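Working notes, beginning with the structure itself.
The values are calculated or read from the model by the stated rules, or taken from the named source; none is laboratory data. Worth saying up front: this structure is predicted, and the values here are computed from it rather than measured. Cβ: placed from backbone, ideal geometry, glycine included. Neighbour counts: every protein chain shown. Please note that ligands, DNA and RNA were not included when accessible areas were found on the heavy atoms of the full protein model with its side chains. Shrake-Rupley method; radii C 1.70, N 1.55, O 1.52, S 1.80 Å.
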Amino acid sequence: MANIAFIGLGNMGGPMAANLVKAGRKVTAFDLVEASRDQAKADGAGIAESSVAAVKGADVVITMLPAGRHVLTVWNEVVPVMTKGTLIVDCSTIDVESAKQAHALAAKHGMLSVDAPVSGGTGGAKGATLTFMCGGEEKAFAAAKPVLENMGKKIVHCGGAGAGQAAKICNNMILGISMIGVGEAFALAEKLGLSHQALFDVASTSSGQCWALTSYCPVPGPVPTSPANNGYKPGFASALMVKDLTLAQDAAKAAGAATPLGKHAQEIYKAFDAAGHGGVDFSGIIQHVRSLAAK
Ligand code: NAD
């Protein structure tokens with residue numbers, strides 16, 4: 001049974017740490033926020049007074065933090081004091097460059113490291129059904145897999161350092177673009193007098209079929225579990241979609257890739273966010289699309 005240090009107990013990290021406890025792991029947790037530490041304690045984790053204290057005696061260290069700068073701050077604190085050969089896994093969604101820097105820091109101090117961003121949202125974090133997209137050496141991935149299996153149902157090794165983050169932002173760029181496309185199709189269908197159900201029945205079994213339509217339909221009715229049936233309560237907030245599309249644009253720029261639709265999708269989500277809808281589920285972008293017709 002590995003001793004696990006878990007740093008970052010927010011909307012995702014809190015329930016992920018709780019699932020490690022449920023799986024029988026000994027978890028020592030830390031977050032800057034007292035309420036999050038209290039919740040982790042109630043879930044059965046031991047609480048440390050700092051990140052550095054949390055990693056003492058740990059076999060595996062996991063971070064789940066907002067952005068690259070937070071990850072590099074915490075890794076710079078903890079990696080130098082970890083026992084040589086310890087595994088450190090970052091599950092946050094961060095820029096590829098910071099992920100590579102974090103791996104380099106771990107390698108310099110003789111640690112095994114994995115970038116392992118997730119998809120599945122807070123529901124997946126609570127239900128231990130997340131997908132983990134992993135980057136790092138084979139040996140590090142093999143060590144991380146059994147621990148990640150306590151928090152998720154699909155664990156994919158995508159390649160070397162940063163490959164997990166690369167897979168995550170490419171996937172979410174597809175998602176952001178396709179959700180706008182599906183929203184536009186429903187907005188056009190409304191103007192043409194075509195019912196939501198009729199478009200769904202045709203497109204879901206035709207060449208327009210995609211996850212944004214069949215699993216997360218942005219109009220109420222056809223897919224009862226989609227946020228459209230619940231006032232567009234997230235789910236996956238539009239502000240997080242802006243974050244991921246911006247990471248994709250940063251990576252495209254750095255790598256010299258052309259992503260014209262990814263750039264346009266980023267601009268559309270940014271406008272929705274700037275209008276005060278950052279907390280609305282990203283499928284609510286259909287409301288923004290409809291509002292453009294009135295202008
Ligand atoms: P969150 O803001 O709820 O949690 C982040 C936590 O990190 C906070 O509790 C904060 O106090 C803590 N923190 C920040 N700096 C710290 C430090 N130096 N030391 C200790 N704790 C620190 O965010 P979240 O929704 O849990 O998301 C975490 C990551 O997962 C993000 O990178 C996000 O993009 C990604 N993600 C989120 C979702 C989602 O649906 N929420 C889905 C997939 C991926």
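This table checks each residue for (1) more than 16 Å from the ligand (Cβ to nearest atom); (2) in a helix (DSSP H, G or I); (3) over 22 Å from Trp211 (Cβ atoms).
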residue: Lys233; (1), (2), (3): no, no, no
residue: Met241; (1), (2), (3): no, yes, no
residue: Asp250; (1), (2), (3): no, yes, yes
residue: Ala254; (1), (2), (3): yes, yes, yes
residue: Ala258; (1), (2), (3): yes, no, yes
residue: Leu261; (1), (2), (3): yes, yes, no
residue: Glu267; (1), (2), (3): yes, yes, yes
residue: Gly279; (1), (2), (3): no, no, yes
residue: Val289; (1), (2), (3): yes, yes, no
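If the condition is being more than 10 Å from the ligand (Cβ to nearest atom), surrounded by fewer than 20 Cβ atoms within 10 Å (Cβ to Cβ) and aliphatic (A, V, I, L, M), then segment 24-47 contributes Ala42, Ile47.
Considering only residues that are in contact (Cβ under 8 Å) with a residue 40 or more places away in the chain and surrounded by fewer than 20 Cβ atoms within 10 Å (Cβ to Cβ), which ones fall in segment 269-292? Within segment 269-292, Gly278, Gly279, Gln287, Arg290 qualify.
Scanning segment 146-180 for residues that are in contact (Cβ under 8 Å) with a residue 24 or more places away in the chain, open to solvent by 40 Å² or more (accessible area, probe 1.4 Å), of a type outside the set (A, V, I, L, M, F, W, C) and part of a helix (DSSP H, G or I) turns up just one, Asn171. Here Asp90 does not fit the description of being more than 15 Å from Gly13 (Cα to Cα), touching a residue at least 12 places away in the same chain (Cβ under 8 Å), surrounded by 17 or more Cβ atoms within 10 Å (Cβ to Cβ) and within 17 Å of the chain's Cα centre (by Cα). Scanning segment 4-23 for residues that are more than 9 Å from the ligand (Cβ to nearest atom), open to solvent by 50 Å² or more (accessible area, probe 1.4 Å) and not basic (Lys, Arg) gives a single hit, Ala23. Tallying residues that are closer than 20 Å to Leu20 by Cβ, open to solvent by 60 Å² or more (accessible area, probe 1.4 Å) and in contact (Cβ under 8 Å) with a residue 40 or more places away in the chain within segment 57-86 yields 1.
For segment 194-204, give me each residue that is surrounded by fewer than 20 Cβ atoms within 10 Å (Cβ to Cβ), in contact with a Leu (Cβ under 7 Å, 6 or more places away or on another chain) and part of a helix (DSSP H, G or I). Can you show your working first?
As a first pass, look at segment 194-204 and keep what is surrounded by fewer than 20 Cβ atoms within 10 Å (Cβ to Cβ): 194-198, 201-202, 204.
Filter once more, so that each one left must be in contact with a Leu (Cβ under 7 Å, 6 or more places away or on another chain): 204.
Passing the criteria: none in range.
Output the number of residues of segment 205-239 satisfying the condition of being of a type in the set (Gly, Ala, Ser), open to solvent by less than 30 Å² (accessible area, probe 1.4 Å) and out of contact with any Gly (no Cβ under 9 Å at 6 or more places or on another chain).
If we filter segment 205-239 for residues that are of a type in the set (Gly, Ala, Ser), which is where we start, we get 206-208, 212, 215, 221, 226, 228, 231, 235, 237-239.
Among the residues that remain, those that are also open to solvent by less than 30 Å² (accessible area, probe 1.4 Å) are: 212, 226, 228, 237-238.
Next, only the ones that are out of contact with any Gly (no Cβ under 9 Å at 6 or more places or on another chain) stay: none.
Summing the residues that are of a type in the set (Gly, Ala, Ser), open to solvent by less than 30 Å² (accessible area, probe 1.4 Å) and out of contact with any Gly (no Cβ under 9 Å at 6 or more places or on another chain) in segment 205-239 gives 0.
Of the numbered conditions (1) modelled with pLDDT of 95 or more; (2) within 15 Å of the ligand (Cβ to nearest atom), Leu87 satisfies every one except a single condition; which is it? So the condition that Leu87 fails would be (2). If you filter segment 181-193 down to residues that are aliphatic (A, V, I, L, M) and assigned to a helix (DSSP H, G or I), you find that the one that is farthest from Gly68 (Cα to Cα) is Ala189.
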